Amino acid sequence: MPVSKGPFILLSFFSISLLLLTACNDDIDGNGNGPAPELTLIESFPLAINDPSGLVMDKSGDFLWTVSDDPGGHIHKISLTGTVLGVLSAYAGDDMEGITMNPNDGTLWIVEERLRKVIQLTTEGEVLQEFEVFVPNQNINDGLEGITWNPHNDHVYVVNEKNPRRFFEFDTTNDFDLIREVDINFSGEFFMGDLSGLYYDPIGDEIWFLSDDSKKLVVTDQKLTPLRTYPLFIDKFEGIAGDLANNRIYLVNDRLNRLYVFAYE
């Protein structure tokens, strides 16, 4: 008597479908690299700082630095849960919008939006040196907004907020030579209406752009080609710091005066 092939065919179809579904789930970034990483909000903390704008992890990994963009604002040392640990009262800013640290020597670098300057300071607030960045617009509030450090070559990256949205790379070992100057005109899902923060990931060799207006993060490679994007649930995020070795991304919100902690998985 002939053997029925119905159950076998049905089982084979189910097995193949399951394998295809598994393969799709394991390649959801479309590049064969497994599931795309995600940001998950862990917690947020109030900051006793007016208008925090700019954020960087200290080279120790134990605390963060942020700045107030108020006229006469200061650089603040804060815990990973938002407690103010110290204030660098020796330096009063004009309109500080970004901060980074050179982990190779432990100095801080800030950007002054209206002055169009990048300034190096000690962790006591003493100014060491500064240089100007030419921005081709007359609106003083459309100036420098984010800064981050590449410890592999001691290059500093700076972004202008808008009009134009522009990325600058300077060589700090060679009289701040301008290495490149690129307008950021991402399109589609990567479009950013402004540039409000910047973070360089030395592990993945990637650059993270933060947009206040567009409420998103966009990650690029060194050629500034967008790789992926992460939506944010509110506006006015103006500072980003990463601790990707411990799967953490930190953001500060200028309007709500809060520190947000995300898990990066």
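The values are calculated or read from the model by the stated rules, or taken from the named source; none is laboratory data. Since the model is a prediction, treat every value here as computed from it, not as a measurement. All Cβ positions, even for glycine, are placed from backbone atoms using ideal geometry, and neighbour counts span all protein chains on display.
For the stretch 46-99, residues that are of a type outside the set (A, V, I, L, M) and in contact (Cβ under 8 Å) with a residue 60 or more places away in the chain total 13.
Let's see how each residue does on (1) out of contact with any strand residue (DSSP E or B) (no Cβ under 6 Å at 6 or more places or on another chain); (2) not acidic (Asp, Glu):
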| residue | (1), (2) |
| --- | --- |
| Val118 | no, yes |
| Val127 | no, yes |
| Glu130 | no, no |
| Phe134 | yes, yes |
| Asn137 | yes, yes |
| Ile140 | yes, yes |
| Gly143 | yes, yes |
| Trp149 | no, yes |
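Just one residue in the set Thr100, Thr123, Thr107 is among the polar types (S, T, N, Q), at pLDDT 95 or above and surrounded by 20 or more Cβ atoms within 10 Å (Cβ to Cβ); that residue is Thr100.
Scanning the stretch 196-227 for residues being assigned to a strand (DSSP E or B) and farther than 14 Å from Ile240 by Cβ gives a total of 2.
Mind telling me which of the residues Asn153, Asn185 ends up being at pLDDT 95 or above and within 24 Å of Met101 (Cβ to Cβ)? Of Asn153, Asn185, the one residue that is at pLDDT 95 or above and within 24 Å of Met101 (Cβ to Cβ) is Asn153.
Among the residues of the stretch 172-187, those that are surrounded by fewer than 15 Cβ atoms within 10 Å (Cβ to Cβ), within 21 Å of the chain's Cα centre (by Cα) and outside any strand (DSSP E or B) comprise Asn185, Ser187.
Only residues that are surrounded by fewer than 19 Cβ atoms within 10 Å (Cβ to Cβ) and touching a strand residue (DSSP E or B) at 6+ places or on another chain (Cβ under 8 Å): list them for the stretch 84-97, please. Residues satisfying the conditions are Val84, Leu85, Gly86, Val87, Asp94. Of all residues in the stretch 132-145, at least one satisfies being surrounded by 14 or more Cβ atoms within 10 Å (Cβ to Cβ) and assigned to a strand (DSSP E or B). For the stretch 228-265, give me each residue that is at pLDDT below 95, farther than 19 Å from Lys59 by Cα and not in a loop (DSSP other than H, G, I, E, B). Scanning the stretch 228-265 gives a single hit, Tyr264.
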